[in-house]
Amino acid sequence: MISLEALKNEVQNWLQLHVGSTMALIAESVLLGILVIALFAVLGLLLVFMERKVSAVMQIRLGPNRVGPKGWLQTSADTLKLMLKEGLTPDGADKFLFNLAPFIIMIAAMLIMVPVAFARNFQIWDINIGVLYISSVASISVIAILMAGWSSNNKYSLLGAMRSGAQIISYELSAGIAVITMIILTGSLSVNDIIASQENGWWIFKGHIPAIIAFVIFMIAVTAETNRAPFDLAEAESELTAGFHTEYSGMKFALFFLAEYINIFIVCAVAAILFFGGWMPFHIGHWQAFNHIMDYIPSSIWFFGKTFFLIGLIMWFRWTFPRLRIDQLLNLEWKYLLPISLLNMLLMTIVAILKWYL
Amino acid sequence: MGTIALLILTIAAIVFSAGGILASKIFTKGSFNLQKGQPYECGIPATGTPWSQFHIGYYLYAIVFLLFEVELVFMYPWAVVVQKIGFPALIEMFFFIIILFPGFLYAHKKGALKWM
């Protein structure tokens, strides 16, 4: 059976045999860099195309259908167009910070990839504090957003960045507490251990009502954290032009756009890992035969299937709910989600201590 | 891979972004125009500087956020071991939240969480 794990081992063995161990490490590093860049490019193109097609389906229209078969090459053409645009820096902008911000947002987006497990035994680095690492690196991107908004010398940008800052730091709390709620069950921060603990059923089914509440809170919070509608106040196009990246054009704008979609992918991957077992196939307790049949579907397909299902959910939100006002947004977090998630966490602790989840 | 993965990914991100920006610099031909560098403001010439006062609310939210973020950091190690320790850990966390929550209630009472 072809799997990413077998492929990885094959490449590793070949390198160990044919070149020295030092050269093998260097070759692996270069390969890793190329693979991650390729993943970024493909994900960016795919997710933008998916968003446009999903929005077309929601609004009963066709969507992009001219470039390539069924419009598949539309996003590549868009990228080419963005590459041919001149990158402007407005007068009076803080040039250093203005040019630094796209780099920081890309570095943050790429570093979050480290502990994400794409398939069985296919992971860049299994950090023992994986989930904590993800939430800490994810909060770096708010610095890049504030930097971009502040340095643009534009009122819309500054306003968008400030809103985005307030929104991201607020919703980080309930996202963090929802993550902690699941860690109480798994007893480990490592992504591999979290997935291994779901071998006889995913947490969303095993964890009773607290797990479902945590899942709902987590999805709301990450929708807000990635600045997606209905929480897209930071770049509300009808009031703030484009928010913090109003002044960006050409490739720098493309980098912000790409990082935004990569962040959506990553938060959905984290949700899939915490609640739906990452690459773990759908298992039911002691149904050995059923579990064996499920194991025949490759683990990478399970992971990407779950992640893209959640991405589809977030895209569905965008075309369903109207945008919130900033005070409604902050009220929702501080007066409803935060107390509920704290209470939910205590509830989950009781469930975990009494071992009701087995 | 180990720690080296972090280094590789940082380099990959820098190469990717710098490559894109450089490529677009090579392919494009810039033009000169006096009004080109103006910050966008609905088409009319921009007035004043954006770096001025803005709403105090953002600052207050950031302070209340700090209160809870510190709490969150303490919760991570607690969450890992709570199943092994059992009910004493739950009671301790209960007291921890009871001590911290009055700070939140105070901010709420003072109107820090109200958008004006």
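The values are calculated or read from the model by the stated rules, or taken from the named source; none is laboratory data. Source: prediction; values computed, not measured. Cβ atoms come from the backbone with ideal geometry, glycine included; neighbour counts cover every protein chain shown.
Some points to look at:
Condition check ((1) among the β-branched types (Val, Ile, Thr); (2) away from chain B (no Cβ under 14 Å)) across all residues:
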residue: A:Ile194; (1), (2): yes, no
residue: A:Gly201; (1), (2): no, yes
residue: A:Ile209; (1), (2): yes, yes
residue: A:Ala214; (1), (2): no, no
residue: A:Ile220; (1), (2): yes, yes
residue: A:Asn227; (1), (2): no, yes
residue: A:Pro230; (1), (2): no, yes
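- Region A:24-39 residues that are without any contact (Cβ under 8 Å) to a residue 24 or more places away in the chain and within 10 Å of chain B (Cβ to nearest Cβ), paired with ones that are of a type in the set (A, V, I, L, M) and part of a helix (DSSP H, G or I) (beta carbon under 6 Å, 6 or more apart): A:Ser29/B:Ile8; A:Gly33/B:Ile8; A:Gly33/B:Ala12; A:Ile37/B:Ala12
- Checking A:Phe321, A:Phe303, A:Phe253 one by one, the residue that is outside any helix (DSSP H, G or I), at pLDDT 85 or above and within 22 Å of the chain's Cα centre (by Cα) is A:Phe321 and no other.
- Residue in region B:1-24 that is at the interface with chain A (Cβ under 7 Å from one of its Cβ atoms), over 28 Å from the mean Cα position of the chain (by Cα) and not small (Gly, Ala, Ser) present: yes
- Of B:Phe101, B:Phe96, all but one fail to be aromatic (Phe, Trp, Tyr), in contact (Cβ under 8 Å) with a residue 24 or more places away in the chain, assigned to a helix (DSSP H, G or I) and surrounded by 13 or more Cβ atoms within 10 Å (Cβ to Cβ); the exception is B:Phe96.
- Within region A:307-358, being more than 13 Å from every other protein chain (Cβ to nearest Cβ) and either free of Cβ contacts under 8 Å to residues at least 12 places away in the same chain or not aliphatic (A, V, I, L, M) (or both) holds for A:Thr307, A:Phe308, A:Phe309, A:Gly312, A:Trp316, A:Phe317, A:Arg318, A:Trp319, A:Thr320, A:Phe321, A:Pro322, A:Arg323.
- Checked across region A:113-134, the condition of being assigned to a helix (DSSP H, G or I), among the small types (Gly, Ala, Ser) and over 30 Å from A:Pro298 (Cα atoms) holds for no residue.
Yes/no per residue for (1) surrounded by fewer than 21 Cβ atoms within 10 Å (Cβ to Cβ); (2) more than 29 Å from A:Ala56 (Cα to Cα); (3) not assigned by TED's automatic domain parsing to the domain that holds A:Val54:
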{"site": "A:Val267", "(1), (2), (3)": "no, no, yes"}
{"site": "A:Phe290", "(1), (2), (3)": "yes, yes, yes"}
{"site": "A:Pro298", "(1), (2), (3)": "yes, yes, yes"}
{"site": "A:Phe317", "(1), (2), (3)": "yes, no, yes"}
{"site": "A:Phe321", "(1), (2), (3)": "yes, no, yes"}
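Yes/no per residue for (1) under 18 Å from A:Cys268 (Cα atoms); (2) part of a helix (DSSP H, G or I); (3) under 21 Å from the mean Cα position of the chain (by Cα); (4) in contact (Cβ under 8 Å) with a residue 60 or more places away in the chain:
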{"residue": "A:Leu43", "(1), (2), (3), (4)": "yes, yes, yes, yes"}
{"residue": "A:Phe49", "(1), (2), (3), (4)": "yes, yes, yes, no"}
{"residue": "A:Phe96", "(1), (2), (3), (4)": "no, yes, no, no"}
{"residue": "A:Ile104", "(1), (2), (3), (4)": "no, yes, yes, no"}
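- Residue check: B:Pro88 meets all listed conditions (1) loosely packed, with under 13 Cβ neighbours inside 10 Å; (2) out of contact with any Phe, Trp or Tyr (no Cβ under 7 Å at 6 or more places or on another chain); (3) over 28 Å from B:Phe104 (Cα atoms) but one, namely (3).
- When region A:105-163 is filtered for residues that are at positive phi and surrounded by fewer than 21 Cβ atoms within 10 Å (Cβ to Cβ), only A:Asn121 remains.
- Among the residues listed as A:Val57, A:Val36, A:Val30, A:Val19, the single one being over 26 Å from B:Thr3 (Cα atoms) and among the β-branched types (Val, Ile, Thr): A:Val57
- Residue within region A:207-226 that is at pLDDT below 85, assigned to a helix (DSSP H, G or I) and either outside the structural domain of A:Ala259 (by TED's automatic domain parsing) or over 27 Å from A:Lys252 (Cβ atoms) (or both) present: yes
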